[in-house]
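The values are calculated or read from the model by the stated rules, or taken from the named source; none is laboratory data. What you see is a predicted model, and the numbers here were worked out from it, not measured in a lab. FYI the Cβ positions are ideal-geometry reconstructions off the backbone, even for glycines, and counts take in every protein chain you see.
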Amino acid sequence: MAEIIDGKAISSQIKEEAKLEAAELSKKNITPCLAVVLVGDDPASQVYVRNKKKACEFCGIRSLSYELSADTSEAELLTLIDKLNADKDCNGILVQLPLPKHIDENKVLLRILPEKDVDGFHPYNVGLLSIGKASLKACTPAGCIELIKRSGVDITGKNCVVVGRSNIVGKPVGMLLLSENGTVTTCHSKTRDIGGICRNADILIAAVGIPKFIKEDMVKEGVVVIDVGINRGADNKLTGDVDFENVSKKASYITPVPGGVGPMTIAMLMKNCIIACKAQNNIE
């Protein structure tokens with residue numbers, strides 16, 4: 001039976017580390033600051049934003065909150081980003097996605113200065129990630145790596161299979177696994193014999209958005225499984241991309257849903273905010 005990787009406990013460790021770093025910065029009269037911009041009233045987005053504010057408060061990071069109406073124009077949003085870019089006291093800018101349909105997400109993400117892009121989505125930071133030089137890494141993929149490493153699993157030389165090729169998780173987590181010396185295969189909707197490829201995985205990361213897609217017969221004994229999926233079933237229960245009940249019988253380590261990858265995203269956001277603040281203040 002697999003050992004459960006406790007994302008809540010590991011995310012708490014990372015937030016404690018961020019809190020200590022923020023306390024050190026405060027001795028130099030520097031307060032890390034994160035601006036969170038929410039457009040519209042999507043309930044899930046509102047929950048995320050509330051959780052981000054709570055995490056900032058815990059870590060000693062100043063939080064600026066901009067809650068804009070759903071009919072806010074693209075020009076108004078870009079003007080706000082320009083203002084935050086120019087604000088030397090603001091170290092990180094996060095625009096909560098998804099945005100209303102009339103606003104071009106790419107245009108908005110491109111407008112944020114790369115050094116304030118604490119989500120790690122700007123093409124400049126993605127480019128740095130691809131050559132192993134990124135300091136601001138996409139939060140969920142970076143959280144996956146922390147879960148693996150802090151569970152005592154060495155990625156070096158392991159067969160790593162990523163199921164899913166999104167720009168938000170699949171592609172960046174593949175690059176991060178490569179930078180940790182893993183041997184990486186990415187599977188997607190056009191991949192032939194996904195089951196056969198998954199069965200060779202020492203480390204399997206599922207980020208495909210299909211409930212219980214990874215079945216017991218798709219994994220080998222002793223595999224490490226990181227489930228990024230968050231799917232809400234007809235019964236309103238959260239389910240991952242992995243058939244947890246059955247796959248956990250064969251895995252050596254596995255993340256649950258909820259309580260696995262989810263809490264890591266905000267913890268890594270706090271870490272990115274500290275990294276951005278230190279870089280902007282020329283602190284090693």
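Which residue pairs have Cβ atoms under 7 Å apart, sit 6 or more places apart or on different chains, and have a first residue in segment 135-152 that is in contact (Cβ under 8 Å) with a residue 12 or more places away in the chain and within 16 Å of E17 (Cβ to Cβ) and a second that is crowded, with 21+ Cβ neighbours inside 10 Å and polar (S, T, N, Q)? Hits for this filter: C139/T265; C139/N272; G143/T265; L147/T255. Looking only at segment 132-168, how many residues end up being of a type in the set (V, I, T) and in a loop (DSSP other than H, G, I, E, B)? Final tally of qualifying residues: 4.
Only one entry of A134, A70 meets the criterion of being among the small types (G, A, S) and closer than 28 Å to L177 by Cβ, and that entry is A134. Confirm whether I131 is within 16 Å of Q280 (Cα to Cα) and either outside the structural domain of I205 (by TED's automatic domain parsing) or surrounded by fewer than 22 Cβ atoms within 10 Å (Cβ to Cβ) (or both). For I131, the condition - within 16 Å of Q280 (Cα to Cα) and either outside the structural domain of I205 (by TED's automatic domain parsing) or surrounded by fewer than 22 Cβ atoms within 10 Å (Cβ to Cβ) (or both) - is not met. Residues in segment 78-114 that are within 12 Å of V37 (Cβ to Cβ), in contact with a helix residue (DSSP H, G or I) (Cβ under 6 Å, 6 or more places away or on another chain) and of a type outside the set (A, V, I, L, M): 4 in all.
Criterion first (over 20 Å from L128 (Cα atoms) and surrounded by fewer than 24 Cβ atoms within 10 Å (Cβ to Cβ)) does T239 satisfy it?
Details: over 20 Å from L128 (Cα atoms): yes; surrounded by fewer than 24 Cβ atoms within 10 Å (Cβ to Cβ): yes.
Yes: the conditions hold for T239.
Pairs meeting the criteria (first residue in segment 78-106 and without any contact (Cβ under 8 Å) to a residue 24 or more places away in the chain, second residue assigned to a loop (DSSP other than H, G, I, E, B), beta carbons under 6 Å, at least 6 apart or on different chains) are E105/L99. The single condition among (1) without any contact (Cβ under 8 Å) to a residue 40 or more places away in the chain; (2) surrounded by fewer than 16 Cβ atoms within 10 Å (Cβ to Cβ); (3) under 24 Å from Q13 (Cα atoms) that G195 does not satisfy is (3).
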